[in-house]
Amino acid sequence: MPTPFHLLLGVAALVGLGVLFVYGRGVIGVWLRYRGTRVVVCPENRETVAVEVDAAHAAWSAPPGHPDLRLADCTRWPEKAFCGQECLGQIEAAPEACRLQALLADWYRGKACAVCGRTFGDVHWHDHKPGLVSPAGALVRWGGFRPEQVREVLESHRPVCWDCLLAEQFRREHPELVTERPARTGPPPSML
Ligand SMILES: [Zn+2]
(Lines give C-alpha, C1' and ligand atoms only; values in the text may rest on other atoms or scores of the structure.)
Protein backbone atom coordinates (compact mmCIF):
# COMPACT_ATOMS: atom_id res chain seq x y z
CA MET A 1 0.00 0.00 0.00
CA PRO A 2 1.69 3.28 -1.08
CA THR A 3 2.03 5.82 1.69
CA PRO A 4 1.49 9.57 1.04
CA PHE A 5 5.25 9.90 1.22
CA HIS A 6 5.70 7.42 -1.65
CA LEU A 7 3.04 9.20 -3.72
CA LEU A 8 4.78 12.52 -3.13
CA LEU A 9 8.08 10.97 -4.14
CA GLY A 10 6.49 9.62 -7.36
CA VAL A 11 5.01 13.01 -8.28
CA ALA A 12 8.34 14.74 -7.57
CA ALA A 13 10.15 12.23 -9.80
CA LEU A 14 7.66 12.80 -12.64
CA VAL A 15 7.98 16.59 -12.37
CA GLY A 16 11.78 16.21 -12.34
CA LEU A 17 11.73 14.05 -15.44
CA GLY A 18 9.42 16.51 -17.21
CA VAL A 19 11.71 19.47 -16.43
CA LEU A 20 14.74 17.44 -17.56
CA PHE A 21 13.00 16.48 -20.82
CA VAL A 22 11.99 20.06 -21.67
CA TYR A 23 15.41 21.49 -20.67
CA GLY A 24 17.25 18.67 -22.48
CA ARG A 25 15.34 19.31 -25.69
CA GLY A 26 16.25 23.01 -25.49
CA VAL A 27 19.94 22.23 -24.91
CA ILE A 28 20.09 19.76 -27.81
CA GLY A 29 18.22 22.21 -30.06
CA VAL A 30 20.79 24.98 -29.40
CA TRP A 31 23.66 22.54 -29.91
CA LEU A 32 22.23 21.37 -33.25
CA ARG A 33 21.69 24.96 -34.39
CA TYR A 34 25.25 26.12 -33.73
CA ARG A 35 27.40 23.10 -34.61
CA GLY A 36 29.20 22.85 -37.94
CA THR A 37 31.38 25.09 -40.08
CA ARG A 38 30.21 28.60 -40.92
CA VAL A 39 31.47 31.05 -43.49
CA VAL A 40 31.62 34.70 -42.44
CA VAL A 41 33.46 37.88 -43.38
CA CYS A 42 36.26 38.72 -40.95
CA PRO A 43 35.54 42.29 -39.76
CA GLU A 44 39.29 42.93 -39.44
CA ASN A 45 40.51 42.20 -42.98
CA ARG A 46 37.13 41.90 -44.79
CA GLU A 47 38.07 38.46 -46.12
CA THR A 48 36.01 35.28 -46.05
CA VAL A 49 36.91 32.99 -43.17
CA ALA A 50 35.53 29.69 -41.92
CA VAL A 51 34.68 29.50 -38.22
CA GLU A 52 33.22 27.02 -35.76
CA VAL A 53 31.00 28.15 -32.91
CA ASP A 54 31.56 26.45 -29.55
CA ALA A 55 28.17 24.70 -29.79
CA ALA A 56 28.51 22.84 -26.47
CA HIS A 57 29.20 26.11 -24.63
CA ALA A 58 26.25 27.78 -26.39
CA ALA A 59 23.98 24.91 -25.38
CA TRP A 60 24.99 24.73 -21.69
CA SER A 61 26.01 28.25 -20.72
CA ALA A 62 22.73 30.08 -21.04
CA PRO A 63 19.01 29.39 -21.15
CA PRO A 64 17.78 28.37 -24.62
CA GLY A 65 16.81 31.47 -26.60
CA HIS A 66 19.76 33.48 -25.25
CA PRO A 67 22.80 31.33 -26.00
CA ASP A 68 26.20 32.77 -25.18
CA LEU A 69 28.17 32.51 -28.43
CA ARG A 70 31.94 32.17 -28.66
CA LEU A 71 34.21 30.70 -31.32
CA ALA A 72 35.85 27.30 -31.04
CA ASP A 73 37.95 27.76 -34.18
CA CYS A 74 38.69 30.11 -37.08
CA THR A 75 40.86 29.73 -40.17
CA ARG A 76 42.81 32.83 -39.07
CA TRP A 77 43.73 31.17 -35.77
CA PRO A 78 46.12 30.63 -34.05
CA GLU A 79 47.68 33.94 -35.24
CA LYS A 80 44.48 35.83 -34.47
CA ALA A 81 43.31 33.68 -31.57
CA PHE A 82 42.96 36.77 -29.33
CA CYS A 83 40.72 38.72 -31.72
CA GLY A 84 37.50 40.27 -30.47
CA GLN A 85 35.36 37.66 -32.31
CA GLU A 86 33.25 40.47 -33.82
CA CYS A 87 32.15 38.12 -36.62
CA LEU A 88 29.80 36.50 -34.07
CA GLY A 89 27.35 39.32 -34.85
CA GLN A 90 26.89 37.87 -38.36
CA ILE A 91 26.17 34.42 -36.91
CA GLU A 92 23.74 35.83 -34.35
CA ALA A 93 21.90 37.74 -37.09
CA ALA A 94 21.58 34.76 -39.46
CA PRO A 95 22.72 31.48 -37.87
CA GLU A 96 21.38 29.33 -40.71
CA ALA A 97 22.36 31.43 -43.76
CA CYS A 98 26.11 31.32 -43.00
CA ARG A 99 26.23 27.58 -42.33
CA LEU A 100 28.52 26.02 -44.94
CA GLN A 101 26.15 23.18 -45.85
CA ALA A 102 23.14 25.50 -46.10
CA LEU A 103 25.12 27.88 -48.28
CA LEU A 104 26.11 25.08 -50.68
CA ALA A 105 22.63 23.54 -50.72
CA ASP A 106 21.19 26.95 -51.68
CA TRP A 107 23.71 27.33 -54.48
CA TYR A 108 22.95 23.92 -56.03
CA ARG A 109 19.16 24.05 -55.63
CA GLY A 110 17.44 24.80 -58.95
CA LYS A 111 20.70 24.86 -60.97
CA ALA A 112 21.31 22.40 -63.83
CA CYS A 113 24.21 19.91 -63.89
CA ALA A 114 26.84 21.25 -66.30
CA VAL A 115 27.27 17.75 -67.81
CA CYS A 116 23.86 16.02 -67.98
CA GLY A 117 21.61 19.06 -67.57
CA ARG A 118 19.54 17.54 -64.76
CA THR A 119 18.15 20.09 -62.28
CA PHE A 120 19.34 19.85 -58.67
CA GLY A 121 16.80 19.41 -55.90
CA ASP A 122 17.84 18.84 -52.28
CA VAL A 123 21.47 17.80 -52.04
CA HIS A 124 22.38 14.61 -50.15
CA TRP A 125 25.72 15.51 -48.60
CA HIS A 126 26.40 12.19 -46.91
CA ASP A 127 26.03 9.77 -49.81
CA HIS A 128 25.47 11.71 -53.07
CA LYS A 129 27.70 14.74 -52.69
CA PRO A 130 27.79 16.73 -55.96
CA GLY A 131 30.93 18.31 -57.36
CA LEU A 132 32.07 21.13 -59.58
CA VAL A 133 33.36 21.89 -63.04
CA SER A 134 36.45 24.10 -62.88
CA PRO A 135 36.94 27.07 -65.24
CA ALA A 136 39.32 24.77 -67.22
CA GLY A 137 36.55 22.17 -67.63
CA ALA A 138 37.84 19.58 -65.12
CA LEU A 139 35.40 17.76 -62.81
CA VAL A 140 36.46 18.29 -59.20
CA ARG A 141 35.28 17.31 -55.74
CA TRP A 142 34.72 19.58 -52.75
CA GLY A 143 37.39 17.77 -50.74
CA GLY A 144 40.11 19.69 -52.58
CA PHE A 145 38.99 23.10 -51.29
CA ARG A 146 39.21 24.81 -47.92
CA PRO A 147 35.91 26.12 -46.47
CA GLU A 148 37.10 29.74 -46.55
CA GLN A 149 37.49 29.44 -50.36
CA VAL A 150 33.82 28.60 -50.81
CA ARG A 151 32.52 31.96 -52.09
CA GLU A 152 35.40 32.31 -54.55
CA VAL A 153 34.83 28.72 -55.80
CA LEU A 154 31.09 29.21 -56.25
CA GLU A 155 31.71 32.30 -58.37
CA SER A 156 34.14 30.59 -60.73
CA HIS A 157 32.86 26.98 -60.97
CA ARG A 158 29.74 25.30 -62.33
CA PRO A 159 27.76 22.53 -60.59
CA VAL A 160 27.99 18.87 -61.55
CA CYS A 161 25.80 16.09 -60.18
CA TRP A 162 27.01 13.06 -58.22
CA ASP A 163 26.19 10.64 -61.06
CA CYS A 164 28.31 12.54 -63.57
CA LEU A 165 31.14 12.88 -61.05
CA LEU A 166 31.08 9.14 -60.44
CA ALA A 167 30.97 8.30 -64.17
CA GLU A 168 33.97 10.58 -64.76
CA GLN A 169 35.89 8.96 -61.89
CA PHE A 170 35.14 5.48 -63.29
CA ARG A 171 36.32 6.55 -66.75
CA ARG A 172 39.56 7.89 -65.25
CA GLU A 173 40.28 4.86 -63.05
CA HIS A 174 39.29 2.16 -65.57
CA PRO A 175 40.03 3.52 -69.04
CA GLU A 176 40.45 -0.09 -70.27
CA LEU A 177 36.78 -0.81 -69.52
CA VAL A 178 35.40 2.22 -71.28
CA THR A 179 34.88 1.92 -75.01
CA GLU A 180 33.81 4.94 -76.90
CA ARG A 181 31.30 3.89 -79.53
CA PRO A 182 32.74 4.78 -82.97
CA ALA A 183 30.64 6.91 -85.26
CA ARG A 184 28.92 4.78 -87.88
CA THR A 185 30.28 5.30 -91.39
CA GLY A 186 29.33 3.89 -94.78
CA PRO A 187 25.92 2.82 -95.99
CA PRO A 188 23.28 1.62 -93.48
CA PRO A 189 23.18 -2.17 -92.94
CA SER A 190 21.06 -4.06 -95.40
CA MET A 191 17.59 -5.01 -94.25
CA LEU A 192 17.79 -8.34 -96.13
ZN1 LIG B 1 24.92 15.27 -64.23
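The values are calculated or read from the model by the stated rules, or taken from the named source; none is laboratory data. The structure displayed is predicted, hence computed values, not measured ones. When we count neighbours, we look across all protein chains shown, and the Cβ atoms used for this are built from the backbone with ideal geometry, even at glycine.
Structural remarks
- In the range 129-145, the residues that are away from the ligand (no atom under 16 Å from the Cβ) and more than 23 Å from residue 39 (Cβ to Cβ): 136
- Answer residue from the range 147-179, given it is of a type in the set (Val, Ile, Thr) and assigned to a loop (DSSP other than H, G, I, E, B) and is modelled with the highest pLDDT among those: 178
- Filter pass, residue 16 being surrounded by 12 or more Cβ atoms within 10 Å (Cβ to Cβ) and either assigned by TED's automatic domain parsing to the domain that holds residue 155 or at pLDDT below 90 (or both): no
- Residue pairs whose Cβ atoms lie under 6 Å apart, sitting 6 or more positions apart in sequence or on different chains, and linking a residue in the range 64-86 that is surrounded by 15 or more Cβ atoms within 10 Å (Cβ to Cβ) to a partner that is assigned to a loop (DSSP other than H, G, I, E, B), are 71/85; 72/54.
- Qualifying residue in the range 116-129 (condition: touching a residue at least 24 places away in the same chain (Cβ under 8 Å) and of a type in the set (Val, Ile, Thr)): no
- Any hit, the range 157-173, residues being surrounded by 11 or more Cβ atoms within 10 Å (Cβ to Cβ), under 30 Å from residue 74 (Cα atoms) and either within 15 Å of the chain's Cα centre (by Cα) or more than 10 Å from the ligand (Cβ to nearest atom) (or both): yes
- Every pair of residues 6+ apart whose Cβ atoms lie under 9 Å, when the first sits in the range 152-170 and is touching a residue at least 60 places away in the same chain (Cβ under 8 Å) while the second is near the ligand (Cβ under 10 Å from one of its atoms) and assigned to a helix (DSSP H, G or I): none
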